[in-house]
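Scroll down for the structure; my scribbles are underneath it.
Values quoted throughout were computed directly from the atomic coordinates according to the rules given, and no laboratory measurement underlies them. What you see is a predicted model, and the numbers here were worked out from it, not measured in a lab. All Cβ positions, glycine included, derive from the backbone under ideal geometry; neighbour counts span all protein chains shown.
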Amino acid sequence: MKKTSIFATAYLGVAAVWLGGHFGPGFATGAFSAQYYEKYGWIGLLMPLFAMLITGGVMFYMVEFARSHGTTNYRSFVQAAFGGDTFGKVMVVFYDILFVGTVIGAGGLAVAGEANILGKVYGVSFWAAAVPTIIVAALLCLYGSKLVARSSKYMMYAIVIIVLLIFFLSIGSGKPDYAAAFAMPAIEQHNTLLNAIWKAILYGCFQSTIAFNVMSVSDLLDSREETKKAVTIGYIVTVILMIAIAATLFGYLPSNPDIINLGVTPVPMMTVIMGLGLPWLTIFFVILMTFAVLTSAAGIANAGCVRFDRLFSGIKNVQARRAIITAILLLIAAFGAWLDMERLTKTVTTYIGYAGIFGLVIPAFTIVRSKLKK
């Protein structure tokens, strides 16, 4: 039997959809790191390990349930997992609200991050950045889960390479002062450890909404073992990139504490890159942001296409139907981008995190987990 390369496997593509949904501009710019990790000192550098355990657990139980029950649409998932009675009907509405909130929050960060970068580097206007993003993401979603997973997989490779390149070039420049960073007191000094853990929990709950994206491509997985592989790879790669970004910014805190003040520095990683004085690296970062936006937007849009397909059943052409749903969702995301990076990162994602505790995390680790055991 001919052996399949790991790079051609479906589970790697599914893991890439997780990474793509997570690695939107809130993550790529360093904004999430500034909000959730840096202010707690060196302890914060370890928190991604904990945060992603929460997200990974939710991901495994919900994606495996979706795979084994054929419920890539989260409406059908709710009916299978929670029943069609009052509780199930309430959860469908709750998931719809949570999904739209995620479109505004995560999708808004995608569009806002891209507009911020392109505006700062090339003077591109907001809509000049938003419209091509909507068009390309719509094109990626035209042919369903296979194309989304495949395109996300190749973009994941580029994302990993560029993030690690920035990390090592920053260290090699001698500009970050890690000795001073580890020695300095945490910016958040009140109950530092407890607050760091709570922020990690909240972040893990917020990122658990990516399960919607990954559930929409769960039909590509053939077994429970493949689901485990997808989740394990997604966890490892995501944690490595999160720690790389957090560590990159951490070394600059002694000389520039405002690097994690999103009101002053909305794109922390761009500040690092411009300080290195390497114009070609700026171009690489723009490419990174573009891939981050497209993977995030395509994952959200594909989940929406799977969920709302029936509402647009009057449009007989499948591709046209998916393109229209995608355009609507990403226009909502563009509206969310008007709230600006700081408000999206601090306020909207926090609310989604709280909602995720009750709508995703608790049900995944209790109801869904127990049904999978049966």
TODO: Using only the alpha-carbon atoms of segment 229-333, report the extent along each of the three principal axes, biggest first, to the nearest angstrom.
DONE: 59, 32, 27
Open item on the list: Once R0 is set to 35 Å, what does the formula 1/(1 + (r/R0)^6) return for the Cβ-Cβ distance between residue 189 and residue 124, expressed as a FRET efficiency to the nearest 0.05?
Closed with: 0.30
Task: Over 29 Å between alpha carbons, listed pairs 316/371; 39/175; 229/371 - done: 316/371
Task: Relative exposure of 310, 321, 224, 369, judged by other C-beta atoms within 10 Å (fewest first) - done: 310, 224, 369, 321
Task: Mean ellipticity per residue at 222 nm, deg cm²/dmol - from DSSP H runs of n ≥ 4 across the chain, formula -39500 (n - 2.57) - done: -22500 deg cm²/dmol
Task: Dipole magnitude (debye, nearest 20) for the chain, charges at Cβ of Lys, Arg, Asp, Glu - done: 1140
- [ ] Pairs of Cα atoms under 8 Å, at least six residues apart: use those to get the relative contact order of the chain, whole percent.
- [x] 40
Task: Those residues of segment 247-289 whose amide nitrogen sits under 14 Å from the label point placed on residue 165, 7 Å along Cα→Cβ - done: 273, 278-289
Open item on the list: Taking the square root of 5 times each eigenvalue of the Cα gyration tensor, what semi-axes in Å does the equivalent ellipsoid of segment 25-373 have, largest first?
Closed with: 33, 24, 17
Task: Linear extension gain, residue 86 paired with residue 258, 0.36 nm per residue minus alpha-carbon span - done: 57.0 nm
Task: Footprinting exposure proxy for 38, 188, 64 (fewest neighbouring C-beta atoms within 10 Å first) - done: 188, 64, 38
Task: For the chain, with +1 on Lys and Arg beta carbons and -1 on Asp and Glu, the positive-most of 102, 65, 235 along the dipole - done: 65
